[in-house]
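To start, the structure under review is shown below, and the notes come after it.
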Amino acid sequence: ASPWSVLAQGISINSDYSIGLVTFFVSLGALCLWIFLSQKPGTGTIFNVIIIAIMIDVVIANINSPTNYISQLVMAISAVLLVGLGSGLYLVANLGPGPRDGLMTGIQKKTNLPIAAVRGFLELSVVFIGWYLGGTVGVGTILFAFGIGPSVAFGLFIVGKTFN
């Protein structure tokens, strides 16, 4: 699971709400932090909160994870790369960042730290909290936590070069 999904899973285990519903409320909580970061939501922000929450529950209920370790590893690496590229696409499109991306870009603007470092810090923070609450941490979680920052930075670079 991704770090934010580990957080949602940990909360879900302790609350008896679905991981998708918990993700919805975690996203709303992240949006509340935007007030301190001078971030503004857009249509993409709202769709992100709703669609991600629904799709998590739909996918968990209807799609089986691969059982072969190599397939799991390929899926995890592909997911990190696709999320990075997708983040680059919708951040450049100015539709409004998702709640987690808004935290990342807001903190980056306030601190002037590299985007990869900010995203890595966020991912490691939520995975630790999720793990503490009982969420499952695996190799894919670690790959996502350390890989998503550079992947988003690369996605922004690729999209910027392609559409500018």
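The values are calculated or read from the model by the stated rules, or taken from the named source; none is laboratory data. As the structure is a prediction and not an experimental result, all values here were calculated from the model. Positions of Cβ are generated from backbone atoms using ideal geometry, with glycine treated the same way; all protein chains shown enter the neighbour counts. Surface accessibility is based on the protein's heavy atoms, side chains included, excluding ligands, DNA and RNA. Shrake-Rupley method; radii C 1.70, N 1.55, O 1.52, S 1.80 Å.
Here the chain is described by how far its Cα atoms reach on the three principal axes: 41, 34, 26 Å, from widest to narrowest.
With the crude spin-label approximation of a point 7 Å out along Cα→Cβ, what separation in nm comes out for Asn68 versus Phe36? Here the modelled spin labels are 4.7 nm apart. Treating r as the C-beta distance of Tyr132 and Ile51 and R0 as 22 Å, the FRET efficiency rounds to 0.20.
Rg of the Cα atoms in the range 73-164, relative to 2.2 N^0.38 Å, amounts to 1.09.
Computed from backbone phi with θ = phi - 60° and the Karplus coefficients 6.51, -1.76 and 1.60, the 3J(HN,Hα) list for the range 87-92 is 4, x, 4, 7, 5, 6 Hz; x is used for glycine and proline.
In plain terms, the chain from Asn14 to Phe154 could stretch by 46.8 nm, reckoned as 0.36 nm per residue minus the Cα-Cα distance.
The HN-Hα couplings worked out from phi for the range 137-142 by the Karplus form 6.51 cos²θ - 1.76 cosθ + 1.60 (θ = phi - 60°) are 10, x, 4, x, 5, 5 Hz, whole numbers, x standing for Gly and Pro. Calculated accessible area for the range 38-125 comes out at 59 Å² per residue, all protein chains present (probe 1.4 Å; ligands, DNA, RNA ignored). The gain in end-to-end length when the Leu85 to Phe121 segment is fully stretched comes to 11.0 nm, 0.36 nm per residue minus the alpha carbon separation. Net charge of the neighbourhood of Val6, taken over other residues with C-beta under 15 Å away and scored Lys/Arg +1, Asp/Glu -1, is 0. Distance between the C-alpha centres of the range 1-47 and the range 145-164: 22 Å, rounded to the whole angstrom. Working note: Karplus 6.51/-1.76/1.60 with θ = phi - 60° gives the range 50-64 the couplings 6, 5, 4, 4, 5, 5, 4, 5, 5, 5, 4, 6, 10, 10, 7 Hz, where Gly and Pro are set to x.
Ignoring ligands, DNA and RNA, what percent of the 1.4 Å accessible area of the chain is carbon and sulfur? List each step's numbers first, then the result.
Details: 6740 of 9340 Å².
Roughly 72 percent, rounded to a whole number.
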